[in-house]
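The structure appears below as C-alpha cells.
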Amino acid sequence: MTFPLSSSPSLLFLLTLISTSLHHGHSFHDPAHYHHPSHHRPPRFAAHDYKDALTKSIIFFEGQRSGKLPSNQRMSWRRDSGLSDGSAINVDLVGGYYDAGDNVKFGFPMAFTTTMLSWSVIEFGGIMKGELENAREAIRWGTDYLLKATAHPDTIYVQVGDAKKDHACWERPEDMDTPRNVYKIDKNTPGTEVAAETAAALAAASLVFKKTDPTYSKTLARRATSVFEFADKYRGSYSNGLKPIVCPFYCSYSGYEDELLWGAAWLHKATKNPMYLNYIKVNGQTLGSADYDNTFGWDNKHVGARILLSKAFLVQKVQTLHDYKGHADNFICSVIPGVSFSSTQYTPGGLLFKMNDSNMQYVTSTSFLLLTYAKYLTSAQMVVNCGGTVITPKNLRAMAKKQVDYLLGDNPLEMSYMVGYGRRYPQRIHHRGSSLPSIAEHPSKIQCSAGFNVMNSQSPNPNILVGAIVGGPDQYDRFPDERSDYEQSEPATYMNAPLVGALAYLAHSFGQL
C-alpha cells in the first residue's frame, strides 16, 4: 500500500547474466552480489534480455491474485485467499488483485492497472507472441472482478478490507483474519474518479477481447457504458464520501475531471459511439485537457487521455481532436531534458524522478507513453517541436529505452529494480506474502503480529515475487533494500502494468520476440 504525495559482450558473459529460471519460491542469495563498491571501475552493462523481463513482468500479477487460484498458477508459493470476500453483504467479491504488499483490494488502483494492462496489449499485443495469452489472462483476472464490483446498477464496490486494521498485521493473504469490510459508492455517496476509471478499464479491456472472446468483449463494453453514465451523472469525489476509508491510501488529489476525460476517451475508442466524441468536444476544456500537469499515474490521467486522444487525430484523422496533438506535445516537451519547456527532475544516474514514494510508477508510465506516442507520430509522419528543438519518434524511443534500462540494471548501483531479473535485485521487498514462509514451507497459521518479527529482520524474502517492480531509488540513486521502507521497497500492480507494453516493444525491436 503506498501513501501518495505522498556494447554487446560475449555470448557467454550474456548468458551468465540472464536469469534462467523463474525461481518458484526459491532463490540463491549471494552476499557477494550486495553492497560491493563499484566506484573503482566504470560499470559494464550487458545488453538486456527484454523478453525475459516481459515474461516476468506479467508473472508478477499471479503473485498479487486474490481468490481461488487456477490450476495453471505459475507463482506456486501462493495459495487461495479471500474466498469469502463480499459474503458479509451477500455479494460475490471474490477475486481481483491485492494492489501492493498488503491484503486490501482497492478498486481505484485495480481499475487503473487493468486499463494500463489493456492499453499495453492494444498497442503492443500484436508483437507479444507467446506472452499475449498471459497478458490477456492478467487482464481478465482484473475485469472478472470489476464486473462483479459493478453488477448492481448505480453502485460500485470499491474496496474490500479495512486498510488500517490490515496494516496493523503482517500476515500472509492465505492467513488473513482482519475484517473484510466492503465499501461502495452509489448515488448518495458518489465516487466519480473510481467509477470513471472502472469504465475506462472495462472499455479498454473490451478491445482486448474483441476477436478472441466477442461475447465477453460485448459484456465489458455494455458495462463500461452504464458505469460511465453513473460516473458522469452522480458527480463527486470518493475521497470525500469515503474519506476515512480511502485516505491517505488512495485519496484522489487530482479531482475527478481527469477520469471523466480519460473514461470518455476509452469509450470513444471502444464503442465508436459519436456521443463520446461529442462529450469530449463539449467538455474537454472544463475537464482539464489543456492543463500543464505532466504526471501520469493511478491518480492523474490527464496526460494519458491527451496521448490517447491524439491518436484519434494523428492516426484516425479525427480533425476535431486536433488540439490533443498540441496538448500531448506539451507533455513531451516537459519531460525531455534540456529543452526550454522541460520541468522534470532526473537523478544523477539519469532516472526520471517525481517523488520519493513509489517513483518507479512514473518511470514505467512515462516510458509507455513515450513509446506509444512515438508509434502514433511515426504513423502520421510527424514530430514534436519544443521551442525550436525538434523531437523525433526516434528520440522518444531512445529516452524510453534509457529509463527501462536504468530500471533493469543500468544504474550507479548496478541494481535491477525488477525482482528476479538480473544478477542483483531487491531481496527484502515490502510484501507480506513474499517475506513470510509459504504455506508449503509453514502450513500452520502465522498470527497477525507474529509476522512483524520477519518484517523487521534483515533476512532475504523466502518467496521470490518474480517480476515485481519496487518503488525504486531516491533522487540520488540510493536504494537501501530495507523491508520497512515501503516508499522504495514496495511493489505495486500499477508500476508493472505500463511496463508490460514497453518491454514488449523493446523485446520486439531487439529481435527477442
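The values are calculated or read from the model by the stated rules, or taken from the named source; none is laboratory data. On a predicted model such as this, the values are computed, not experimentally measured, just so you know. We place every Cβ from the backbone using ideal geometry, glycine too, and count neighbours over all the protein chains shown. The protein model used for the area step is the full one, side chains on, heavy atoms only, and it has no ligands, DNA or RNA in it. Shrake-Rupley method; radii C 1.70, N 1.55, O 1.52, S 1.80 Å.
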With a cut-off of at least 2 residues that are among the hydroxyl-bearing types (Ser, Thr, Tyr), at pLDDT 95 or above and under 25 Å from the mean Cα position of the chain (by Cα), name the helices (runs of 4 or more DSSP H) lying wholly within the range 371-466. 432-435
Assess whether GLY338 counts as being of a type outside the set (Phe, Trp, Tyr), modelled with pLDDT under 95 and over 26 Å from MET418 (Cβ atoms). yes
Spot the failing condition for GLY236; the list is (1) touching an Asp or Glu at 6+ places or on another chain (Cβ under 6 Å); (2) outside any helix (DSSP H, G or I); (3) farther than 30 Å from ALA450 by Cβ, and only one is missed. (1)
Looking at (1) open to solvent by 10 Å² or more (accessible area, probe 1.4 Å); (2) of a type in the set (Gly, Ala, Ser); (3) in a helix (DSSP H, G or I), which is the one condition that is false for ALA507? (1)
Here the residues within the range 252-276 that are open to solvent by less than 30 Å² (accessible area, probe 1.4 Å) and more than 13 Å from ALA196 (Cβ to Cβ) are ALA270
Per the list (1) in contact with a Ser or Thr (Cβ under 6 Å, 6 or more places away or on another chain); (2) surrounded by 17 or more Cβ atoms within 10 Å (Cβ to Cβ), residue check on LYS165 breaks on (2)
Odd one out for SER343, checked against (1) touching a Ser or Thr at 6+ places or on another chain (Cβ under 7 Å); (2) surrounded by 14 or more Cβ atoms within 10 Å (Cβ to Cβ); (3) outside any helix (DSSP H, G or I): (2)
For the range 227-251, give me each residue that is among the polar types (S, T, N, Q) and surrounded by fewer than 17 Cβ atoms within 10 Å (Cβ to Cβ). ASN240
Just give me the residues in the range 298-321 being in contact with a Lys or Arg (Cβ under 6 Å, 6 or more places away or on another chain) and of a type in the set (A, V, I, L, M, F, W, C), in sequence order. PHE313
Give me the pairs: first residue in the range 204-223 and of a type in the set (D, E, K, R), second residue surrounded by 15 or more Cβ atoms within 10 Å (Cβ to Cβ), beta-carbon distance under 7 Å, and six or more apart or on different chains, which are they? LYS210/SER217; ARG223/LEU147; ARG223/THR150; ARG223/LEU202
If LEU93 passes every condition in (1) open to solvent by 10 Å² or more (accessible area, probe 1.4 Å); (2) in a loop (DSSP other than H, G, I, E, B); (3) in contact with a strand residue (DSSP E or B) (Cβ under 7 Å, 6 or more places away or on another chain) but one, which one does it miss? (1)
Sort out which residues of the range 177-226 are among the charged types (D, E, K, R) and open to solvent by less than 10 Å² (accessible area, probe 1.4 Å), and write them in order of number. GLU193, GLU197
Being more than 22 Å from ASP52 (Cα to Cα), of a type in the set (S, T, N, Q) and open to solvent by less than 10 Å² (accessible area, probe 1.4 Å) is the requirement here; does SER435 meet it? yes
